[in-house]
Amino acid sequence: MSIQPARIEAAASGTPFAPQFDDVYHAIAGARAQAEHVFLHGCGLPQRWRGVRRFTVLETGFGLGNTFLTLLAAWRADTERCAALHVVSIDAHPPTRDDLARWLPAGPDPQADADRAALIAQWPPAIAGLHRLGFADGAVTLTLALGDVQTLLPRLALSADAIFMDGFAPAKNPAMWDAVVCRALAARAAPDALLATWCATGQLRRDLAACGFVVEKQPGFGHKREMTVARWPGAPSGAHADADPRSATRLSTTDTEANAIVIGAGLAGAAVAASLARRGLRVAVLEREAEPAARTSSHLAAAFRPAMARGATPLSRITLAGCVLAAQHWPQHAWHASGTLQMESDDREGQALLAAQAWPADFARWVEQDEAEGLLGLRPAAGGIWFARMGWARPRELVAHWLAQPGVALHVRAQVVAVSRSAAGWCVTTADGRRFEAGQLVLAQGSADLPGGAALQPPQGLHQLPLAPVRGQCSLISGLAPQLKAVLAGAGYLLPAQAGTTVFGASYEHGDAGTDERESSHAQAYAKAAALWPGFAAATQGKLRRAWTGVRVVTPDRLPVIGALPDPDTPPTARPGAPHLADMPRLPGAWIANAYGSRGLTYALLGGELIAAQMLGEPLPIEQDLADAVDPARFAWRQLKRGKTP
């Protein structure tokens with residue numbers, strides 16, 4: 001979906017005005033005063049977040065962010081506030097960063113000014129989907145959901161304690177206020193959730209009441225005599241009516257060494273551990289080797305960029321989400337936004353592919369060969385698509401950063417030999433006799449921990465997922481292309497030199513778990529590099545090479561497995577009609593983050609955040625249909641639908 005940024009002008013009163021909707025962004029009496037009266041007081045805040053660990057707000061119109069900043073200021077000022085505040089806000093026409101800086105007024109105090117500056121600094125590109133912004137050292141999370149409310153709201157996975165129903169007037173933008181939106185809000189309301197809006201039309205009140213809200217009138221703000229407040233009286237309805245075994249798993253309350261055990265200290269495991277630790281959990285990470293990132297994550301450097309397709313496929317959408325999240329939250333020392341050229345030998349096809357993405361030019365644009373040469377520092381074989389925000393990262397440094405998160409305890413030379421249920425939840429035993437107990441268990445092993453050839457299985461028998469190995473070998477040459485300033489990619493890739501060494505490749509050998517150096521794999525890497533850079537063959541003459549080999553894990557649909565593990569011994573919940581993915585039974589407290597294939601950098605942080613959100617009942621960082629696309633139970637569910645499973 002294409003996101004068209006808002007066009008903002010000044011009304012006669014001086015307030016920001018949207019010509020597209022012929023309406024102002026807020027009342028003349030003041031945006032923050034209106035937000036405090038209508039939304040905070042209307043939803044019983046700050047009183048209602050006291051005494052709870054986590055509180056979630058859903059907003060149907062972000063606008064210029066005045067309501068969010070007012071809410072954030074109230075949270076900061078409250079000494080009895082919740083430990084974690086989540087705000088999910090939808091907007092189809094977000095302002096540009098420049099307009100946000102121009103029209104968002106300064107705060108009443110230095111802290112409010114700092115929060116305003118943080119919002120502007122983190123403002124994402126106008127790309128459809130979910131964008132995560134962090135405030136107050138991560139205690140406050142703003143998820144900006146960019147897209148049409150009627151399309152995007154039903155895809156959001158969250159349980160809202162408060163709902164701010166905002167937007168331009170119903171007469172100007174009726175799609176924001178109709179019965180479809182009301183039903184979607186009801187489906188995402190937590191028990192006793194409060195909804196508040198400045199809108200007081202009879203039709204809106206009738207639509208809310210028809211969904212099950214208990215509606216009342218309250219005094220309005222400024223010139224408006226009335227506003228609407230509604231309470232959701234009971235359990236969630238609609239899409240969330242039945243308990244979903246994938247989310248809100250109960251944490252162990254026993255006094256054990258850890259709240260969670262993560263098996264594997266590569267990109268996948270380290271990212272999950274850090275995401276859990278940032279939320280206050282104690283995490284034990286078990287690594288069979290003598291150091292973390294010892295196998296596939298030991299890459300000197302690797303590139304990342306989203307996959308592209310003519311349509312919005314699960315792969316294209318989830319790799320985009322992973323890349324955008326990574327660029328927003330990775331530590332600066334571990335990666336470099338050098339820019340990436342995805343070379344396209346067919347200009348017409350390449351430009352059509354780019355146009356199909358509907359991305360803003362500041363994220364991806366077409367460049368001809370001459371401009372590409374200036375951006376790269378060497379002349380590629382053709383022009384292509386330039387990703388200004390993408391680049392390369394050092395996996396080892398990312399892993400080290402995540403494992404250094406307070407609350408993470410790394411245990412090396414910890415080869416797992418047994419996993420069993422225990423009073424605490426799970427008990428894991430290593431080859432040297434160490435025992436670890438915790439309420440949550442996350443499998444994030446590499447291929448070496450999953451013996452069994454083409455049908456990889458964990459030795460503990462916790463799942464029967466169709467995982468397979470893929471061997472990848474890349475080549476490294478010192479002094480090859482010191483002039484290369486950015487990533488050059490296509491069927492293969494060339495990276496800017498790392499301490500004088502250029503990395504290029506790589507082979508993709510499905511079903512092969514060998515780690516030996518092979519001439520045939522070097523030949524693949526050389527051919528791919530030569531197709532990208534005509535000067536490659538001459539530049540390699542007389543230079544010594546070496547190889548790096550890693551064995552990745554993949555699934556038949558080439559998507560990762562991230563989420564709650566299915567329970568193969570329990571039949572699915574009975575429900576009329578076709579079985580639902582949410583009906584698939586799960587192993588309590590058991591999770592997996594695996595099958596990242598050659599996209600470990602892209603999926604690592606997203607996988608960690610997705611598992612943490614599902615485990616703790618937070619709003620998901622991606623839409624529900626994308627979470628379903630990587631759900632570990634999808635394979636058994638598909639078999640069940642085809643009638644191949646009893």
Query raised in the report: Failed condition for ASP161, given (1) within 20 Å of MET615 (Cα to Cα); (2) open to solvent by less than 10 Å² (accessible area, probe 1.4 Å), with all others met?
Result: (2)
Query raised in the report: Just one of the numbered conditions (1) under 29 Å from LEU300 (Cβ atoms); (2) exposed (fewer than 15 other Cβ atoms within 10 Å of the Cβ); (3) aliphatic (A, V, I, L, M) is not true of ALA361; which one?
Result: (1)
**Report entry** Residues within segment 368-387 that are within 11 Å of MET343 (Cβ to Cβ) and open to solvent by less than 10 Å² (accessible area, probe 1.4 Å), tallied
**Finding:** 6
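Determine, yes or no, whether VAL38 is farther than 25 Å from ALA157 by Cβ, touching a residue at least 60 places away in the same chain (Cβ under 8 Å) and either in a strand (DSSP E or B) or open to solvent by less than 20 Å² (accessible area, probe 1.4 Å) (or both).
Numbers: farther than 25 Å from ALA157 by Cβ: yes; touching a residue at least 60 places away in the same chain (Cβ under 8 Å): yes; either in a strand (DSSP E or B) or open to solvent by less than 20 Å² (accessible area, probe 1.4 Å) (or both): yes.
In short, yes.
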Query raised in the report: Cβ-Cβ below 7 Å, separation at least six or inter-chain, first residue in segment 496-509 and more than 15 Å from ARG394 (Cβ to Cβ) and open to solvent by 10 Å² or more (accessible area, probe 1.4 Å), second assigned to a strand (DSSP E or B) and aliphatic (A, V, I, L, M): which pairs?
Result: TYR508/VAL470; GLU509/VAL470
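Report, by residue number, each residue of segment 41-70 that is in a strand (DSSP E or B) and either at pLDDT below 95 or within 26 Å of ASP178 (Cβ to Cβ) (or both).
Selection gives THR56, VAL57, LEU58, GLU59.
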Report task. Of the numbered conditions (1) over 16 Å from ALA409 (Cβ atoms); (2) modelled with pLDDT of 95 or more; (3) of a type in the set (S, T, N, Q), THR253 fails exactly one; give the number of that condition. Result -> (2)
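Look at LEU587 and say whether it is in a strand (DSSP E or B) and open to solvent by 20 Å² or more (accessible area, probe 1.4 Å).
yes
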Query raised in the report: Which condition does THR573 not pass, out of (1) in contact with a His (Cβ under 9 Å, 6 or more places away or on another chain); (2) surrounded by 17 or more Cβ atoms within 10 Å (Cβ to Cβ), if it passes all the others?
Result: (2)
Query raised in the report: What pairs come up if the first residue lies in segment 182-194 and is within 13 Å of VAL57 (Cα to Cα), the second is of a type in the set (S, T, N, Q) and at pLDDT 95 or above, and their beta carbons are under 7 Å apart, counting only those six or more places apart or on different chains?
Result: ARG188/SER159; ALA190/SER159
Query raised in the report: Which condition number in (1) open to solvent by 40 Å² or more (accessible area, probe 1.4 Å); (2) under 24 Å from the mean Cα position of the chain (by Cα) is the one that ARG348 fails?
Result: (2)
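Out of ALA527, ALA582, ALA513, ALA538, I need the residue that is part of a loop (DSSP other than H, G, I, E, B), among the hydrophobic types (A, V, I, L, M, F, W, C) and either over 26 Å from ARG279 (Cα atoms) or open to solvent by less than 70 Å² (accessible area, probe 1.4 Å) (or both). Which one? Write out each step before concluding.
On the way: ALA527 fails: part of a loop (DSSP other than H, G, I, E, B); ALA582 fails: part of a loop (DSSP other than H, G, I, E, B); ALA538 fails: part of a loop (DSSP other than H, G, I, E, B).
Result of the check over ALA527, ALA582, ALA513, ALA538: ALA513.
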Report task. Working only within segment 45-71, note down all residues that are within 19 Å of TRP123 (Cα to Cα) and either over 22 Å from the mean Cα position of the chain (by Cα) or basic (Lys, Arg) (or both). Result -> GLY63, LEU64, ASN66, THR67, LEU69, THR70, LEU71
Query raised in the report: Given the conditions (1) closer than 19 Å to LEU267 by Cα; (2) not in a strand (DSSP E or B), which single one is not true for VAL553?
Result: (2)
Requested in this report: Scan segment 287-299 and give yes if some residue there is within 24 Å of ALA497 (Cα to Cα), touching a His at 6+ places or on another chain (Cβ under 9 Å) and modelled with pLDDT under 95, otherwise no.
Outcome: yes
Report task. Could you tell me whether any residue of segment 113-129 is over 22 Å from ILE8 (Cβ atoms) and either buried (at least 16 other Cβ atoms within 10 Å of the Cβ) or touching a residue at least 40 places away in the same chain (Cβ under 8 Å) (or both)? Result -> yes
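The values are calculated or read from the model by the stated rules, or taken from the named source; none is laboratory data. Since this is a predicted model, take the numbers as computed values, not measurements. Cβ: placed from backbone, ideal geometry, glycine included. Neighbour counts: every protein chain shown. Please note that ligands, DNA and RNA were not included when accessible areas were found on the heavy atoms of the full protein model with its side chains. Shrake-Rupley method; radii C 1.70, N 1.55, O 1.52, S 1.80 Å.
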